[in-house]
Amino acid sequence: MPPTPISLPDGAVILSLMSPGFDAAYPRVVNKELIPPDVLQPMEWAWTTRRFPERPVRVLRLTDVWVAKEGLVFDRDGTLYRETITQHSMGEIEQAQAAVLEAIGRGGPAAEPDAGGPVLLCKKRGIGNYGHWLMEMLPKAQLVHHHLPELEARFLVAHAPGQLNDTMAFSLSMLGVDLARTIVADDTPRRFADLLLVDGLSEHGGYMSPLVLDSVEALAARVPPAGAERLFVTRRSTGFRRVVGEDDLIAHAQSRGYAPVDPGALTLPQQVSLFKGARRIVGVMGAAMTNIAFAPPGARVVTLTPAGMPDTFFWFIATLRGLDYAEVRCPQSGPVLGVMPWDTDLVLSARDRERIFAD
């Protein structure tokens with residue numbers, strides 16, 4: 001049986017920042033009755049929290065540790081640090097721990113620690129998702145790069161699929177990170193003599209620190225806003241979780257002054273520019289809508305959301321950014337085309353369509 005996970009040692013903390021508290025308002029949810037009770041219940045906890053108090057964000061420096069899978073960290077003996085579990089399943093945790101213990105037992109050159117200086121872990125569950133990168137991994141790089149430049153840290157990132165690799169590199173470069181100081185890793189266990197961890201910036205689904213906006217602001221500061229004030233965000237390049245009859249919907253949106261945009265086909269600066277200049281944004285809930293983080297405070301955002309999708313991520317972004325946020329829950333139609341049960345097509349009623357684009 002694998003060892004019981006342990007907590008990160010308080011003595012390893014090298015920097016502690018106080019994340020500001022913030023107020024939150026219950027989102028406007030259209031067709032809330034469509035949300036299954038077992039999906040609604042976990043979201044209600046966050047949605048009904050009126051005040052998120054200030055809390056510490058810590059940078060820890062660990063000696064002689066292993067990193068496996070999507071950011072799971074183990075001590076030199078193969079015991080897992082529980083704070084590095086981020087939406088990993090029990091099966092994934094057991095696989096990672098078994099791989100680490102095997103590597104320890106096997107020894108040899110692959111088990112020798114990287115001793116090239118401190119390495120910041122910028123890798124967690126959800127490595128293939130643009131939103132997870134932008135709001136949960138990149139902010140760690142910004143925090144250490146800004147507050148602890150004297151460490152001259154390197155940055156451990158995941159090998160992500162497709163265009164996301166370029167986006168990750170582009171965003172780090174825009175923050176002033178020398179890409180020669182990045183280490184791209186897969187799931188294979190790797191041993192590090194000196195590992196930096198940022199703890200407390202976010203808990204996916206349950207918390208997001210206002211400090212994550214520091215990296216967003218740093219990216220946006222380098223890009224001028226585009227001219228389109230109204231955007232309709234399509235998932236055409238993704239190929240799933242799309243509105244039934246999307247072509248007609250796009251035509252209707254265009255008739256109301258909305259420019260259709262597929263962020264998946266754009267570079268990062270192009271995405272930042274478009275959303276930075278937008279005052280009205282409508283789109284299906286998904287990674288591309290993370291770009292609302294670049295929208296100006298007060299911008300109106302409507303997410304078209306599968307009835308069964310449990311998500312507070314975009315609500316947190318909107319809350320921190322000061323956006324006028326609403327989500328329209330839609331009936332799901334057809335087969336599951338992605339990996340999750342809500343990766344189906346959506347049905348947007350004529351009534352909801354008219355209300356969304358009424359002004």
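The values are calculated or read from the model by the stated rules, or taken from the named source; none is laboratory data. Only a predicted model underlies this, so the values are computations on that prediction, with no experimental measurement involved. No Cβ is skipped: glycine too gets one built from the backbone with ideal geometry, and neighbour counts run over all protein chains shown. We work out accessible area using only protein heavy atoms, side chains counted, and drop any ligands, DNA or RNA first. Shrake-Rupley method; radii C 1.70, N 1.55, O 1.52, S 1.80 Å.
Per-structure values
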| quantity | calculated |
| --- | --- |
| Scope region 153-175; condition within 19 Å of Ala288 (Cβ to Cβ), among the aliphatic types (A, V, I, L, M) and either open to solvent by 60 Å² or more (accessible area, probe 1.4 Å) or in contact (Cβ under 8 Å) with a residue 60 or more places away in the chain (or both); matching residues | Met174 |
| Lone unmet requirement of (1) surrounded by fewer than 23 Cβ atoms within 10 Å (Cβ to Cβ); (2) over 28 Å from Ala180 (Cα atoms) for Glu150 | (2) |
| Yes/no for Ala141 being outside any loop (DSSP other than H, G, I, E, B) and over 27 Å from Phe314 (Cβ atoms) | no |
| Residue within region 46-58 that is without any contact (Cβ under 8 Å) to a residue 12 or more places away in the chain and farther than 30 Å from Thr188 by Cα present | no |
| Within region 314-359, tally of residues that are assigned to a strand (DSSP E or B) and in contact with a helix residue (DSSP H, G or I) (Cβ under 7 Å, 6 or more places away or on another chain) | 3 |
| Hits in region 176-192 - residues which are within 30 Å of Phe52 (Cβ to Cβ) and open to solvent by less than 20 Å² (accessible area, probe 1.4 Å) | Val177 |
| Which listed residue, of Leu121, Leu72, is without any contact (Cβ under 8 Å) to a residue 60 or more places away in the chain and either under 23 Å from Leu172 (Cα atoms) or under 26 Å from the mean Cα position of the chain (by Cα) (or both) | Leu72 |
| Selection count where residues are under 20 Å from the mean Cα position of the chain (by Cα) and not in a helix (DSSP H, G or I), scope region 21-48 | 3 |
| Top-ranked residue of region 82-101 - restricted to ones that are surrounded by fewer than 21 Cβ atoms within 10 Å (Cβ to Cβ), in contact (Cβ under 8 Å) with a residue 12 or more places away in the chain and more than 21 Å from the chain's Cα centre (by Cα), ranked as farthest from His204 (Cα to Cα) | Leu101 |
| Per-region count, region 302-345, residues open to solvent by less than 20 Å² (accessible area, probe 1.4 Å) and either among the β-branched types (Val, Ile, Thr) or at pLDDT below 95 (or both) | 8 |
| Residue that is nearest to Phe240 (Cα to Cα) [pool: residues in region 325-359 that are without any contact (Cβ under 8 Å) to a residue 60 or more places away in the chain and hydrophobic (A, V, I, L, M, F, W, C)] | Val336 |
| Subset of region 40-61 (residues that are of a type in the set (A, V, I, L, M) and open to solvent by 20 Å² or more (accessible area, probe 1.4 Å)) | Leu40 |
| Residue satisfying all of: in region 1-20; part of a strand (DSSP E or B) and out of contact with any Ser or Thr (no Cβ under 6 Å at 6 or more places or on another chain); surrounded by the fewest Cβ atoms within 10 Å (Cβ to Cβ) among these | Met18 |
| Thr63 within 21 Å of Pro5 (Cα to Cα) and either assigned to a loop (DSSP other than H, G, I, E, B) or in contact with a Phe, Trp or Tyr (Cβ under 7 Å, 6 or more places away or on another chain) (or both) | no |
| Among residues of region 150-168, those that are modelled with pLDDT of 95 or more and either in a loop (DSSP other than H, G, I, E, B) or more than 16 Å from the chain's Cα centre (by Cα) (or both), counted | 7 |
| Some residue of region 49-57 being out of contact with any Phe, Trp or Tyr (no Cβ under 8 Å at 6 or more places or on another chain), assigned to a strand (DSSP E or B) and among the hydrophobic types (A, V, I, L, M, F, W, C) | yes |
| Lone unmet requirement of (1) open to solvent by 40 Å² or more (accessible area, probe 1.4 Å); (2) out of contact with any helix residue (DSSP H, G or I) (no Cβ under 9 Å at 6 or more places or on another chain); (3) not basic (Lys, Arg) for Leu195 | (1) |
| Selection from region 124-138 of residues that are part of a loop (DSSP other than H, G, I, E, B) and touching a residue at least 40 places away in the same chain (Cβ under 8 Å) | Lys124, Arg125, Gly126, Ile127, Asn129 |
